[in-house]
1. Only one residue in V59, V75 is within 22 Å of I128 (Cα to Cα), at pLDDT below 95 and of a type in the set (A, V, I, L, M, F, W, C). Which one?
2. I'd like the residue in region 96-113 that is more than 17 Å from D24 (Cα to Cα) and surrounded by 13 or more Cβ atoms within 10 Å (Cβ to Cβ) and, out of all such residues, is nearest to the chain's Cα centre (by Cα).
3. Does A120 qualify as being surrounded by 14 or more Cβ atoms within 10 Å (Cβ to Cβ), small (G, A, S) and under 15 Å from S67 (Cβ atoms)?
4. Scan region 1-37 for residues that are closer than 30 Å to P86 by Cα and of a type outside the set (D, E) and report the count.
5. Mind checking which strands (runs of 3 or more DSSP E) fall wholly inside region 62-134 and carry at least 2 residues that are hydrophobic (A, V, I, L, M, F, W, C)?
6. Can you give me the number of residues within region 71-99 that are touching a residue at least 24 places away in the same chain (Cβ under 8 Å), over 22 Å from F112 (Cβ atoms) and either out of contact with any Phe, Trp or Tyr (no Cβ under 9 Å at 6 or more places or on another chain) or not aliphatic (A, V, I, L, M) (or both)?
7. Go through Q10, Q47 for me and flag whichever is within 23 Å of I111 (Cα to Cα), surrounded by fewer than 16 Cβ atoms within 10 Å (Cβ to Cβ) and polar (S, T, N, Q).
Amino acid sequence: MSKLKALTDQLGAVKEKASAEGQDAIKGEFAEIFAADPLLESVTWEQYAPYFNDGDACVFRVHDFCSAQYNGEEVEEPAYSGDSIPKPIAKLLLDLQDSLNGSMEPYMADIFGDDVRITAHRDGRFDIDDCDHD
C-alpha cells in the first residue's frame, strides 16, 4: 500500500472517530436538556455555507435552533420562545445554541456534514437530512 493511500485511510478513520465522538458529546448536552423537561421532544437546526453572500465569502455556519417539538406542538425559534417553552429550558437551549454557533462551529461540518438539517430527539438519535437553503 502506498504511503498516500495509508495516510488517506488513517485520516478517514480519524475523521469518522471524531464525528462519532462529537455526536456523542452533543447528544450528552441534549440529554441534560431533555431530562430537565419531559415535554421537550426534539430540537432542529440547519448548518451550511450559503451559496451566495452579496460578494462576501460564503462561510460555513451553524444556524440557530429553528424549531422544537414541545408538548406535541411545533415551536419556532425555541431558544427565544419564552411564551411557548419555559424560560429555564429556553435558557438551556440558548446556552447550547451559543456553544454550537461559537467554539464548536468550526467542527460541526465534520461532525454532522454541510448543507444539512439536524433534529436531535429525546431518545438520543439524530436525524440528518439534506437542506435546501436558497
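The values are calculated or read from the model by the stated rules, or taken from the named source; none is laboratory data. Quick caveat, the model's predicted, so the values are computed rather than measured. Neighbour counts are summed over all protein chains in view; Cβ atoms, including those assigned to glycine, are modelled from backbone coordinates with ideal geometry.
1. V59
2. N101
3. The answer is yes for A120.
4. Final tally of qualifying residues: 12.
5. 116-121, 126-130
6. Within region 71-99, residues that are touching a residue at least 24 places away in the same chain (Cβ under 8 Å), over 22 Å from F112 (Cβ atoms) and either out of contact with any Phe, Trp or Tyr (no Cβ under 9 Å at 6 or more places or on another chain) or not aliphatic (A, V, I, L, M) (or both) number 4.
7. Q10
A quick yes/no check of all residues on (1) at pLDDT 95 or above; (2) part of a helix (DSSP H, G or I); (3) more than 13 Å from L93 (Cα to Cα); (4) of a type in the set (D, E, K, R):
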site	(1), (2), (3), (4)
A6	no, yes, yes, no
L11	no, yes, yes, no
K15	no, yes, yes, yes
S19	no, yes, yes, no
D24	yes, yes, yes, yes
E29	yes, yes, no, yes
E46	yes, no, yes, yes
N53	no, no, yes, no
